[in-house]
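Structure record follows, encoded as structure tokens.
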Amino acid sequence: MDWPMEDLDWSDADLETFGFEPRSTVVLQKSESHITLIKDSLEGKDEWEDWFNDALSSAPIPNEFHVVLFSRASPIFEEDAPVSYISVSRGTWERLTRFLHVHRGITRSIARQVACVTSSYEESKGASTKICFTARMSKYLPGDLALSVTYIPSTESIFAVMYGCNKDQMQIIESRVRSAGDRTKYPLLMIGILVELEKERLVSMADHLLDGFTLRSEHLENGSWDPSVDMSKEKTQEYLGLCLQSRNLIDHMKAVRRQVVKLLAEIEEFEDYISSHKQGGRAHDGKRARQFKKTGAQMKKRLHDIINEYDGKMDECNMIVANITLAMQTVWNQIAMRDSDLNTRIAHVNTEVALDTKREGIQMRSIAILSMIYLPFSSVAALFSMDMFNWDAQNGDSVVSKYIWLFATLAVGLTAITVYAWYHITTRHERKADGDAQELQKKIGKIV
């Protein structure tokens, strides 16, 4: 069983989860003494050294709010680099994990590679009590992010790290933090921003799929269409790809929706914890609990709206799948009807050919019978009636006429003429039959 990871010092194995490359990193800060959000863009080792010196030179300030936004690494083989490729050196990251109280559980959340939300309550005596949250978007869609948040109840300080931000995401996060006002004191604010970014990512993909389906379906709905043209192999592959993308997006939305529901439970657990735990009997603990409860109620209302929006987008994606399935069934029915009509026509042609063959066979059989009956009698009668033979020849007369050669010549010549005429007529009929067959094949090809 995978037990929750304890809040211990980072080990070499934990650090090896990440890849390190110094790049531009944005740090957002806010405190009780500086209510205006301060933004720093850091990259080099010297800049980070100066930042640490400034941060550690003063005593801890109540209500500190620190957010580190790690920039995204360059794409790898045209795909987004993993969120674990952070934009600082290893030494800087080790110092950040101590300064920002980063929980080791973020390594497990990043390694899971799917949407998840986790929490950890590290209770101890004194000022070291920590409440840690980690969250992650699915890596199987572009633009994924990961987040770790640590809340120190004793100082009411919040430390957050966002992993894998591109420029647009950094601007959106900064804008949302600036517009949050006093809500930056709410520890789950950054997870709420992550949920909003995930919602925008999935909804934009769903809208893109829906636009593509609408453009294709309008042609099928409003115009005449021919299955052999409009549903060619390329078109069929496009519709199949659209269907598979819709199913895949539905699966992602379902997974994220489950995590949003889990986040609602996390908010309830956090509010119960804050209400039941007093930090040294401070007078303003009750006020803080009421503020958290009010902000939590607003966040829960927004999360319910997001859940409803996911449900609507999943219905739209299911509609795409259902309509594509209906269109494919209609096309296959059209093809089946055309095949049935073609088979019927072929059957009629085969029937006509069989009847013609039967009639010709009967005629040929009749001719053959008559020939077998009359030809021997005719040949014998003709032979005995010829003047070429003198059956009453006297002594010295020849029985065979000297003109017998003429008979042989004429017989052979007439036989040759007859055979040639038969061959010529038969060949012509065969050519005509071949032409009719080719014409029929062309018609069948056009139908198919």
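The values are calculated or read from the model by the stated rules, or taken from the named source; none is laboratory data. Everything numeric here is computed off the predicted structure, so don't read it as measured data. Neighbour counts are summed over all protein chains in view; Cβ atoms, including those assigned to glycine, are modelled from backbone coordinates with ideal geometry.
Scanning segment 121-145 for residues that are small (Gly, Ala, Ser) and surrounded by 24 or more Cβ atoms within 10 Å (Cβ to Cβ) turns up just one, 135. Looking across segment 99-120, just one residue is surrounded by fewer than 20 Cβ atoms within 10 Å (Cβ to Cβ), without any contact (Cβ under 8 Å) to a residue 40 or more places away in the chain and outside any loop (DSSP other than H, G, I, E, B), and that is 112. Within segment 342-399, restricting attention to residues that are of a type in the set (Asp, Glu) and at pLDDT below 75, the residue that is nearest to the chain's Cα centre (by Cα) is 387.
Run down 52, 70, 77 and say which single residue is in contact (Cβ under 8 Å) with a residue 60 or more places away in the chain and either assigned by TED's automatic domain parsing to the domain that holds residue 29 or within 30 Å of residue 277 (Cα to Cα) (or both).
Working: 52 fails: in contact (Cβ under 8 Å) with a residue 60 or more places away in the chain; 77 fails: in contact (Cβ under 8 Å) with a residue 60 or more places away in the chain.
Checking each option against the conditions leaves just 70.
Figure legend. Inter-residue proximity from segment 153-168: first residues farther than 27 Å from residue 292 by Cβ, second residues assigned to a strand (DSSP E or B) and of a type in the set (A, V, I, L, M), beta-carbon distance below 9 Å, spacing 6+ or different chains. Indicated pairs: 164/86; 164/146. Taken over segment 19-77, residues that are more than 38 Å from the chain's Cα centre (by Cα), outside any loop (DSSP other than H, G, I, E, B) and under 19 Å from residue 150 (Cα atoms) amount to 7.
Beta carbons closer than 8 Å, at least 6 apart along the sequence or on distinct chains, never pair a first residue in segment 413-430 that is in contact (Cβ under 8 Å) with a residue 24 or more places away in the chain with a second that is outside any helix (DSSP H, G or I) and surrounded by 10 or more Cβ atoms within 10 Å (Cβ to Cβ).
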